[in-house]
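Worksheet for the structure shown next.
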Amino acid sequence: MRITINGKGMRVGDQLKQRIREKLSKFNRFFGDEAQATVKVRPERDQKCIEVTLKINKHFYRAECTADDVFTALDEAIEVLEGQIRKHKTKIEKKIHDYAYMKEYLKTQEPVPGEVEEEFRIIKRKSFNIEPMDAEEAILQMEMLGHSFLLYLDMDSDKVCVVYKRKDGNYGLIEPNY
């Protein structure tokens, strides 16, 4: 597994890097070199936040945890990742061709008592014309509609993009590569 560790607004020491590699090694033995892990560490007020993203083939698993110390946040993030994989175990097994790399990992996972798997259902379909606009206008339209995201055609790049409202109150922009 390739692991990238970044500190934003703080230095990531050797001890933390070693602990991150150690914790992620449990995934490494199943997913090997196909997997890529990105770990971002940042201070958030008087706490530390760790964001872990696993990319295995074309699938992503992501956890973001905040705690008083960085090691606790790391432990919580690893638990969240394991929980995501465990939670979707039967769905993954049904689509085993797409998730063949998970087969060995799932064998080692015990079901958690009381954990109920959600059924994903599309309850509403919507279609609309994508209008050309810039990101600022898209944010304005999104706010006027009261939505948390808006899909639009970027005037400059002619790409379909998404603006979204983040938990911290700021905005994000997704520009796909295709």
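Throughout, read-outs are computed from the coordinates displayed, never taken from laboratory work. Small disclaimer: the values here were computed from a predicted structure and weren't measured. Positions of Cβ are backbone-derived with ideal geometry, glycine not excepted, and every protein chain shown enters the neighbour counts.
Around residue 157, with a cut-off of 11 angstrom between Cβ atoms, what is the net charge of the other residues, counting Lys and Arg +1 and Asp and Glu -1?
Local net charge: -4.
Would you list 69, 14 from fewest to most Cβ contacts within 10 Å?
Listed from fewest to most nearby Cβ atoms, that is 14, 69.
Any idea how far apart residue 17 and residue 141 come out in nm if each label point goes 7 Å out from Cα toward Cβ?
So the label points at residue 17 and residue 141 sit 4.5 nm apart.
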